[in-house]
Each structure stands twice: as C-alpha cells, then as structure tokens.
1. Sorted from fewest to most neighbouring beta carbons within 10 Å, what does the list HIS186, HIS66, HIS94, HIS152 look like?
2. In a Gaussian network model over the chain where Cα atoms closer than 10 Å are linked, find which of PRO167, PRO57, PRO179 has the largest mean-square fluctuation.
3. Could you give the length gained on full extension between SER178 and ASN238, defined as 0.36 nm per residue of separation minus the Cα-Cα distance, in nm?
4. Using 0.36 nm times the number of residues separating ARG54 and GLN18, minus their current alpha carbon distance, what extension gain do you get?
5. Kindly provide the Kirkwood hydrodynamic radius of region 56-155 in Å, to one decimal, from all pairs of distinct alpha carbon atoms.
6. Extending each Cα 7 Å along its Cβ direction at ALA131 and GLU106, get the distance between those two points in nm, one decimal.
7. What ranking of MET185, MET81, MET12, MET1 emerges when the number of other C-beta atoms within 10 Å of each C-beta is taken as an exposure proxy, fewest first?
8. Mind sorting out which of [x] 147; [y] 118; [z] 128 is the real volume of the Cα convex hull per residue in Å³ computed from the coordinates?
Amino acid sequence: MRKNIVAGNWKMNNGLIQTKTLITELKQQKQTSDAEVMIAPSFTNLWHAFEETRQYPIEVVAQNMHFSDDGAYTGEISAGMLKSIGISTVILGHSERRTYYNETDEALAKKVDTALSQEIRVIFCFGEELADRKSGKHESIVENQIKKGLFHLKADAFKDVILAYEPVWAIGTGETASPEQAQDMHAFIRKTLANKYGQEVANSVSILYGGSVKPNNAKEIFSKTDVDGGLIGGAALNAEDFYAIVNAF
C-alpha cells in the first residue's frame, strides 16, 4: 500500500544557525497523522540535519545529485557522498533545476539510474508551464517527462520511486491548482503508469502534489483519491505551518 508523504524542500534557504533553529522547532511539533515526513536542507547542512533528526521520525533528503559516481565535476555531489552521511533519498528533476540549470530528461534518466543503483530512493519531479496548461498540452507534457525520465526502468524499480507533480505556474506564485485539477492530473499520471506497468504498480506509487500547498488548503488537496501528499516549498520553512500540512491527512 502506498504511503502518504510530506516532504519539505528548503531550496537555497537557511544557513547553519537557521537550520539548527528550524530543526529544533520541527522536533517540538506533534504529529497526529501517519504521513512519512521528509526535509531537504542545503548540501552544507545535510550532515547536521541528519544527526539532529536521527532519533526522530523525520527523514533528511537531498535536493539534487550528479549522475556520475566521481570525477572532475567541480561543485557537484555524488550518490556515494550522500550515502556516506546517511542520506538515502534524493529529489530529482525539480522545475527550478530544469529551468535554471537546463537539466534535460535524458540527464535526469541517468541520475535516476545512478540513484537507484546506489539504493537511494528518488522523488522524481515533473510538471507543465502555464502556457502548456492554457493550450491544453499539460497532459502530454507531463506524460513525456515521465516517459523520458522513468519508463526505461523495470517495474520493480518503482518501489523506490516517488512521483511529484509540480504545476510550474503554481510554485512560489501564490497560485494553486484547484483540488479538482490536482486530482485530475494525479489520476492521469497513475493511468499513464498503469498503461506501462499495470495497475498494481500504478497503485503502489505515491504521487505528491507540489504547488503552493499551505495549511489552509492542504486538507482539501490531500483528500483527493490520487493525491498522496505534498512537496512543500515556502511553508516548509515554518515549523508550525509544515506540521499543520503534515497533520492535514
């Protein structure tokens, strides 16, 4: 049975002091749902975050990684480096990585392969731009991103893959897809998986919604049949807001 998951993507926010403070506040929150909780601090604070949450039901995950095991890639981080400090899940394909750093579907497929070969679970992100939505191409855009990034995998690999649908037009803009729009796309994503791998695999994969989820809309979004949680941006930087979202299940 697939899990409910709430993952906080801190992006390029919080130095060491702010990280210590936020983690202290997170550990003081009461969790009343059975959702799996994740946070993704910056690379420089991953080790500290991992050590500080070791005894708590909070998994520390990475925001990105390179597809090579090692080599002359200045400024990059390998899967092995992440594993060496206890990290076992990585976010790949976030829209900001695709947009600002020109990450292609082909490069992301290589990253997925490397992560899974190193027994690192993948949160695979994808989603359409506003122009795609307005022109009615949103489903084909999402389908292509999933196929190019993941459909070379064998079915059993999906036990270590979490999907995260991000309508790009609703990230950091204050705009949010309606709960019905989110459900429609998540159902389409699950159908796309089922067409390739069968309904059993499709039903086992958690699909997160990532587009301006807040405490005041999380419950309605998470109530939808095919929405299994959220990839949270801004609200993840406030402990009370983040756990209000976690407890929205």
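1. Numbers: HIS186 21, HIS66 18, HIS94 27, HIS152 11.
Arranged by neighbour count, lowest to highest, HIS186, HIS66, HIS94, HIS152 become HIS152, HIS66, HIS186, HIS94.
2. Comparing PRO167, PRO57, PRO179 in the GNM, the peak value goes to PRO57.
3. On the way: separation 60, 0.36 × 60 = 21.60 nm, distance 2.32 nm.
Once the chain is fully extended between SER178 and ASN238, it gains 19.3 nm.
4. Numbers: separation 36, 0.36 × 36 = 12.96 nm, distance 1.85 nm.
Length gained between ARG54 and GLN18: 11.1 nm.
5. On the way: mean 1/r = 0.0692 Å⁻¹.
For region 56-155, the Kirkwood estimate is 14.5 Å.
6. Taking the two extended label points, one gets 2.2 nm.
7. On the way: MET185 23, MET81 17, MET12 7, MET1 4.
The most exposed by this proxy come first: MET1, MET12, MET81, MET185.
8. Computed from these coordinates, volume of the Cα convex hull per residue in Å³ corresponds to label [y].
Taken together, the values in this text are just the output of simple stated rules run on the coordinates, not laboratory data. Here the structure is a predicted model, which means the values were calculated and not measured. Quick reminder, even Gly has a Cβ in these numbers, built from the backbone with ideal geometry, and neighbours come from all protein chains shown.
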